[in-house]
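Reviewing the structure listed below.
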Amino acid sequence: MTTRTATCSCGQLRLACEGEPVRISICHCLECQKRTGSIFAAQARYPRERVTIAGDSAQWTRRGDSGDSATFHFCPTCGSTVYWEPNGLPGFVSVATGAFADPHFPPPNVSVYDERAHNWAFAAGELPLEHYS
(Lines give C-alpha, C1' and ligand atoms only; values in the text may rest on other atoms or scores of the structure.)
Protein backbone atom coordinates (compact mmCIF):
# COMPACT_ATOMS: atom_id res chain seq x y z
CA MET A 1 0.00 0.00 0.00
CA THR A 2 1.29 3.44 -0.93
CA THR A 3 2.05 5.88 1.89
CA ARG A 4 2.39 9.55 1.05
CA THR A 5 3.84 12.14 3.42
CA ALA A 6 2.53 15.69 3.69
CA THR A 7 4.48 18.31 5.63
CA CYS A 8 4.45 21.97 6.47
CA SER A 9 7.19 24.22 5.07
CA CYS A 10 9.55 23.70 8.01
CA GLY A 11 8.79 19.96 8.37
CA GLN A 12 7.63 20.12 12.00
CA LEU A 13 4.01 19.04 11.21
CA ARG A 14 3.82 15.78 9.23
CA LEU A 15 1.08 13.47 8.03
CA ALA A 16 1.53 9.94 6.71
CA CYS A 17 -1.45 9.05 4.50
CA GLU A 18 -1.94 5.39 3.61
CA GLY A 19 -3.49 4.30 0.33
CA GLU A 20 -5.22 6.40 -2.26
CA PRO A 21 -7.40 9.36 -1.29
CA VAL A 22 -11.15 8.80 -1.49
CA ARG A 23 -11.56 12.15 -3.24
CA ILE A 24 -9.26 14.78 -4.74
CA SER A 25 -10.86 18.14 -5.35
CA ILE A 26 -10.33 21.80 -5.98
CA CYS A 27 -12.48 24.48 -4.40
CA HIS A 28 -13.02 27.97 -5.80
CA CYS A 29 -15.05 29.34 -2.87
CA LEU A 30 -14.04 32.76 -1.64
CA GLU A 31 -13.09 31.45 1.81
CA CYS A 32 -10.63 28.94 0.31
CA GLN A 33 -9.20 31.69 -1.88
CA LYS A 34 -8.60 33.84 1.21
CA ARG A 35 -7.23 30.92 3.25
CA THR A 36 -4.71 29.82 0.63
CA GLY A 37 -3.86 33.20 -0.85
CA SER A 38 -4.37 31.55 -4.24
CA ILE A 39 -7.23 31.36 -6.71
CA PHE A 40 -8.41 27.95 -5.45
CA ALA A 41 -7.61 25.29 -2.88
CA ALA A 42 -6.63 21.71 -3.72
CA GLN A 43 -7.22 18.89 -1.27
CA ALA A 44 -7.10 15.13 -0.94
CA ARG A 45 -9.60 13.46 1.40
CA TYR A 46 -8.60 10.41 3.44
CA PRO A 47 -10.41 8.33 6.04
CA ARG A 48 -9.07 9.48 9.44
CA GLU A 49 -7.92 5.97 10.36
CA ARG A 50 -5.50 5.99 7.40
CA VAL A 51 -3.76 9.21 8.51
CA THR A 52 -0.99 9.39 11.13
CA ILE A 53 -0.22 12.89 12.42
CA ALA A 54 3.08 13.91 14.02
CA GLY A 55 4.08 17.32 15.32
CA ASP A 56 2.24 20.24 16.84
CA SER A 57 -0.52 22.18 15.16
CA ALA A 58 -2.43 25.33 15.92
CA GLN A 59 -6.12 25.22 15.03
CA TRP A 60 -8.66 27.59 13.61
CA THR A 61 -12.30 26.83 12.83
CA ARG A 62 -14.16 28.75 10.14
CA ARG A 63 -17.46 28.49 8.36
CA GLY A 64 -17.24 28.00 4.61
CA ASP A 65 -19.43 29.29 1.81
CA SER A 66 -21.62 26.17 2.22
CA GLY A 67 -22.43 27.10 5.81
CA ASP A 68 -20.55 24.08 7.19
CA SER A 69 -17.48 24.59 9.32
CA ALA A 70 -14.04 22.98 9.28
CA THR A 71 -11.17 22.98 11.73
CA PHE A 72 -7.89 23.84 10.04
CA HIS A 73 -4.55 22.65 11.41
CA PHE A 74 -1.47 24.68 10.63
CA CYS A 75 2.11 24.69 11.82
CA PRO A 76 2.63 27.14 14.69
CA THR A 77 6.23 27.67 13.52
CA CYS A 78 5.93 28.33 9.76
CA GLY A 79 2.18 28.89 9.42
CA SER A 80 1.53 26.33 6.65
CA THR A 81 -1.97 24.85 6.62
CA VAL A 82 -1.44 21.11 6.20
CA TYR A 83 -4.82 19.54 6.91
CA TRP A 84 -8.36 20.16 8.09
CA GLU A 85 -11.26 18.25 9.50
CA PRO A 86 -14.63 19.08 7.90
CA ASN A 87 -17.16 19.07 10.74
CA GLY A 88 -19.86 17.85 8.34
CA LEU A 89 -17.76 14.79 7.41
CA PRO A 90 -16.68 13.17 10.66
CA GLY A 91 -14.11 10.45 10.17
CA PHE A 92 -12.34 12.20 7.27
CA VAL A 93 -9.29 14.42 6.98
CA SER A 94 -8.63 16.76 4.06
CA VAL A 95 -4.96 17.29 3.26
CA ALA A 96 -3.64 20.21 1.21
CA THR A 97 -2.27 18.54 -1.92
CA GLY A 98 0.59 21.03 -2.09
CA ALA A 99 1.79 19.74 1.30
CA PHE A 100 2.73 16.47 -0.42
CA ALA A 101 5.18 18.42 -2.65
CA ASP A 102 4.70 15.77 -5.33
CA PRO A 103 4.24 16.95 -8.93
CA HIS A 104 3.01 13.43 -9.76
CA PHE A 105 0.18 13.48 -7.21
CA PRO A 106 -3.06 12.42 -8.91
CA PRO A 107 -5.14 15.25 -10.38
CA PRO A 108 -8.48 16.36 -8.93
CA ASN A 109 -11.67 14.73 -10.14
CA VAL A 110 -14.07 17.15 -8.44
CA SER A 111 -14.36 20.94 -8.70
CA VAL A 112 -16.68 22.92 -6.43
CA TYR A 113 -17.92 26.52 -6.48
CA ASP A 114 -16.99 26.90 -10.14
CA GLU A 115 -19.17 30.01 -10.30
CA ARG A 116 -16.60 31.74 -8.04
CA ALA A 117 -13.60 30.65 -10.09
CA HIS A 118 -11.36 33.31 -11.59
CA ASN A 119 -12.24 33.63 -15.25
CA TRP A 120 -8.87 32.24 -16.37
CA ALA A 121 -8.56 29.40 -13.82
CA PHE A 122 -9.60 26.59 -16.15
CA ALA A 123 -7.53 27.97 -19.04
CA ALA A 124 -4.25 28.37 -17.13
CA GLY A 125 -2.42 25.92 -19.41
CA GLU A 126 -3.39 27.98 -22.45
CA LEU A 127 -2.20 31.37 -21.16
CA PRO A 128 0.72 32.98 -23.03
CA LEU A 129 3.14 32.74 -20.12
CA GLU A 130 6.89 33.12 -19.90
CA HIS A 131 8.37 29.99 -18.29
CA TYR A 132 11.39 29.90 -15.98
CA SER A 133 13.12 27.14 -14.04
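The values are calculated or read from the model by the stated rules, or taken from the named source; none is laboratory data. Fair warning: this is a prediction, and the values are worked out from it, not measured in the lab. Counting neighbours? That spans all protein chains shown, and the Cβs are built from the backbone with ideal geometry, glycine included. The protein model used for the area step is the full one, side chains on, heavy atoms only, and it has no ligands, DNA or RNA in it. Shrake-Rupley method; radii C 1.70, N 1.55, O 1.52, S 1.80 Å.
Counting every pair of alpha carbons in segment 1-64, the share spaced more than 15 Å apart comes to 62 percent.
How high is the relative contact order of segment 19-133, given as a whole-number percent (alpha carbon pairs under 8 Å, six or more residues apart)? It would help to have the intermediate numbers written out before the result.
Working: 185 pairs, mean separation 34.7, N = 115.
Once divided by the residue count of segment 19-133, the mean separation gives 30 percent.
Per the Debye calculation on segment 63-128 with a single equal scatterer at every Cα and no solvent contribution, log₁₀ I(q)/I(0) for q = 0.20, 0.22, 0.28 Å⁻¹ amounts to -1.13, -1.22, -1.23. To the nearest 10, the accessible area of Cys29 is 10 Å² with a 1.4 Å probe.
Using a 1.4 Å probe, what is the accessible area per residue for the chain, in Å²? Mind dumping the intermediate values first?
Values: 7760 Å² over 133 residues.
Result: 58 Å² per residue.
Hydrodynamic estimate: the Kirkwood radius of the chain over Cα pairs, inserted into Stokes-Einstein at 25 °C and 0.890 mPa s, corresponds to D of 158 µm²/s. Estimated at the nearest 10 Å², the accessible area of Trp120 is 100 Å² with a 1.4 Å probe.
How many percent of the accessible area of segment 4-53 is carbon or sulfur, using a 1.4 Å probe? Spell out each step's value before the answer.
On the way: 1040 of 2190 Å².
With neighbouring chains kept in place, the figure for segment 4-53 is 47 percent.
What the phi angles of segment 2-12 give under the Karplus curve with 6.51, -1.76 and 1.60, with θ = phi - 60°, is a coupling list of 5, 10, 10, 10, 10, 9, 6, 5, 8, x, 5 Hz, glycine and proline written as x. Per-residue 3J(HN,Hα) values for segment 87-97, derived from phi via the Karplus relation 6.51 cos²θ - 1.76 cosθ + 1.60 with θ = phi - 60°, read 5, x, 10, x, x, 10, 10, 9, 10, 4, 5 Hz in sequence order (x marks Gly and Pro).
The distance from the alpha carbon centre of segment 77-109 to that of segment 7-76 is 4 Å, rounded to a whole number. Counting only Cβ charges, +1 for Lys and Arg and -1 for Asp and Glu, the dipole size of the chain around its Cα centre is about 300 debye.
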